[in-house]
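Have a look at the structure below, then the notes.
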Amino acid sequence: MSPSPSVDAHTRERIPVALLGATGTVGARLAQRLTDHPWFELVEVAASERSEGSRLGERVAPDAALHPRIAGLTLRSPTADFRSHLILSALPSGAARAVEAELAARGHLVVSNASAYRDDPRVPLIVPEVNADHLALLDTVREAAAGEAVPAPGGGIVTNPNCAVAGLMPAVAPLHRRFGIERLIVTTLQAISGAGRPGPSAIDLVDNVVPYIGGEEDKIAAEPAKILGRVEGDRIVPVPLSISATATRVPVLHGHLESVSVQLSTPASPDEARRAWREFRAPEAVAQLPSSPERVVEIADHPDRPQPRLDRDRGSGMTVTVGRIRPCPVQTLRFLVLSHNLERGAAGAAILNAELAVADGRVRSQL
Ligand code: NAP
């Protein structure tokens, strides 16, 4: 993949984009990030039938502070006829399953935050700094199974990981590449905004920790092996990687903190791990994308870091922070990782994937 010469913001018109689930927590973040985007222009928005016909600005949370042009867009059904080839989806998984497949069958490229297709071995699950090459799955022609909508040429679905996995991967991939990871144990302390709107009630969460997030641990256990896997024919073959995950919800607004212990195939000291993180770079074509942070991973050496309030906004929310790196008395190493769940974990991740698709020559201006 090489960066497309056609994506110079000064010499080309911006690419029109449609946004599904635009009124939600992730949708509003996407609308904000798209406001001044050098390549994309948000021109079409959709939400549930409850919102259809309203202006986006009337249906988002009051603190979304959208640009007046974007706030004035009229909400449509997610199955409407969109003129944009590129569609960003922030739908709940249930709605995403039928809608995204139908749009791909009509020839749209759907870049999705939802979990509906993440575990399908034929659908790319991408963290551009780690597995941009998995985008090649979009080139494989699919045999239709009974009742299955098959993507039309130029159409397809690209997913980004669960928000805890999106934050974990920039820390895990450099260690896996250099030393091999056999087993990983992770306990997450996940922010409230990760639950979307309305999310857990204040009375349940203030002065409390909820030691369960439905469905989360299975996603954290499964997605990293697919992301680190390789393309074989029309599917991804995951790496062998055993993960034990415990997911908790804590009263933090944004920023997932994760406590990680890894068993490495080749033993490594904390300093060798630090070197692997410091030397980790996105492929050149990915590093040039507008939403790529200057550094994918930063190391916080102070013993009481990373902290959500202090570290989540590094690199406009796209840099993950690793700290408290130390030997593990049970496995090889342990450390903490912090990431912004709505940026690296959702809106920023989806936009980076969309930029990757543009740079890879997969996005047209119109359907
Ligand atoms: P959310 O705040 O609940 O927003 C959901 C959005 O989807 C709203 O725009 C809603 O529209 C729309 N919607 C709901 N039911 C629908 C239906 N049946 N048909 C069409 N539209 C429907 O959720 P969120 O937190 O933004 O999450 C969106 C997606 O991103 C989910 O799949 C989630 O798992 C994923 N995700 C979230 C995060 C995070 O940190 N929050 C991170 C990674 C991935 P109305 O306003 O009209 O109801």
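Computed from Cα atoms, the angle from the helix 216-227 axis to the main principal axis of the chain rounds to 90 degrees. Counting only C-alpha contacts under 8 Å and six or more residues apart, can you give the relative contact order of the chain as a whole percent? Worked out over the chain, it gives 19 percent. Could you identify which residue out of Asp133, Asp36, Asp304 has the top mean-square fluctuation in a GNM of the chain using Cα springs shorter than 10 Å? It is Asp304. Its Cα gyration tensor gives the chain an equivalent ellipsoid. The semi-axes, each the square root of 5 times an eigenvalue, are 32, 24, 20 Å from largest down. Relative to the longest principal axis of the Cα atoms of the chain, the long axis of helix 163-179 lies at roughly 50 degrees.
Per residue, region 163-339 exposes an accessible area of 46 Å² to a 1.4 Å probe, with every protein chain left in place.
Extents of region 128-250, largest first, come to 52, 40, 24 Å (Cα atoms, principal axes, whole angstrom). Axis of helix 270-279 versus longest Cα principal axis of the chain: the two differ by about 30°, to the nearest ten degrees.
Of the Cα atoms belonging to region 262-367, the radius of gyration and Dmax stand at 16.3, 56 Å. Treat region 163-339 as a sphere of radius equal to its Kirkwood radius over Cα pairs and apply Stokes-Einstein at 20 °C in a medium of 1.002 mPa s; give the translational diffusion coefficient in µm²/s, rounded to a whole number. Translational D for this selection: 127 µm²/s.
Taking amide H positions as modeled 1.01 Å from N, with prolines and chain starts lacking one, the residues under 5 Å from Arg249 and 5 or more places away or on another chain are Gln190, Val210, Tyr212. Per the Cα gyration tensor, region 188-261 maps to an equivalent ellipsoid with semi-axes of 30, 13, 9 Å, ordered largest to smallest. Taking the accessible area of region 163-339, probe 1.4 Å, and keeping the other protein chains in place, the carbon and sulfur fraction comes to 51%.
The values are calculated or read from the model by the stated rules, or taken from the named source; none is laboratory data. Remember, it's a predicted structure, so these values are computed and weren't measured experimentally. Calculation scope for accessible area: heavy atoms of the full protein, side chains included, ligands and nucleic acids excluded. Shrake-Rupley method; radii C 1.70, N 1.55, O 1.52, S 1.80 Å.
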